[in-house]
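The values are calculated or read from the model by the stated rules, or taken from the named source; none is laboratory data. Remember, it's a predicted structure, so these values are computed and weren't measured experimentally. In this analysis, Cβ positions are derived from the backbone assuming ideal geometry, glycine residues included, and neighbour counts consider all displayed protein chains.
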């Protein structure tokens, strides 16, 4: 959105909502406002903001419940707005995965560093999740290839290198990726075993 950091701001106090929203816009953020949790969740799903600021105490869907839904239904990180005396609720919020909380009354110059810190931490978390995804995918692909190579070694009495070369040459001849051919081979072997026809395992 034009390079702006997008924030969904939810608070049932219209004065806080308008004042904080205006202040954040003046600081360069793009802000979408919600007066209750249900609207905040809907906005987060639609706008995919960099961060959500949620008041803990809202009628209907509370900030806490909205946070639970954001955690399970989206990847939008969140901070909480809290009044004094909300220690127990803030503890619950932290357990729900909040990146922190801001105490009312809000002093805009003081909360900007907290917001920026939360945005930075959220970016780090996204990077870690993406790295974990790619690592898990690579490991899964590696396992499938290893299984295929192992079966080929056994069937053809080949070394590991010879078996991998055979698999790779098959992939090249079909203009496909090695992992695709390996996955197809392993699936076929498993199917044959389940059908009691292991002797007819496919040969690459």
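At-a-glance table
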{"quantity": "Filter result for residue 24 (farther than 13 Å from residue 115 by Cα and either in a helix (DSSP H, G or I) or at pLDDT 95 or above (or both))", "calculated": "no"}
{"quantity": "Every residue from region 50-64 that is assigned to a helix (DSSP H, G or I) and surrounded by fewer than 24 Cβ atoms within 10 Å (Cβ to Cβ)", "calculated": "64"}
{"quantity": "Selection status of residue 180, modelled with pLDDT under 85, surrounded by 11 or more Cβ atoms within 10 Å (Cβ to Cβ) and assigned to a helix (DSSP H, G or I)", "calculated": "yes"}
{"quantity": "Of the criteria (1) at pLDDT below 85; (2) surrounded by 12 or more Cβ atoms within 10 Å (Cβ to Cβ), which one residue 131 fails", "calculated": "(2)"}
{"quantity": "Index of the failed condition, residue 141 passing every other in (1) modelled with pLDDT of 80 or more; (2) assigned to a helix (DSSP H, G or I); (3) surrounded by 16 or more Cβ atoms within 10 Å (Cβ to Cβ)", "calculated": "(1)"}
{"quantity": "Test result for residue 121, outside the structural domain of residue 54 (by TED's automatic domain parsing), within 30 Å of residue 24 (Cα to Cα) and modelled with pLDDT of 80 or more", "calculated": "yes"}
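Each row is one residue, and each column tells you yes or no for (1) more than 18 Å from residue 15 (Cα to Cα); (2) surrounded by fewer than 21 Cβ atoms within 10 Å (Cβ to Cβ); (3) out of contact with any helix residue (DSSP H, G or I) (no Cβ under 8 Å at 6 or more places or on another chain).
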{"residue": "35", "(1), (2), (3)": "no, yes, no"}
{"residue": "41", "(1), (2), (3)": "yes, no, no"}
{"residue": "45", "(1), (2), (3)": "yes, yes, no"}
{"residue": "68", "(1), (2), (3)": "yes, yes, yes"}
{"residue": "89", "(1), (2), (3)": "yes, yes, no"}
{"residue": "100", "(1), (2), (3)": "yes, yes, no"}
{"residue": "112", "(1), (2), (3)": "yes, yes, yes"}
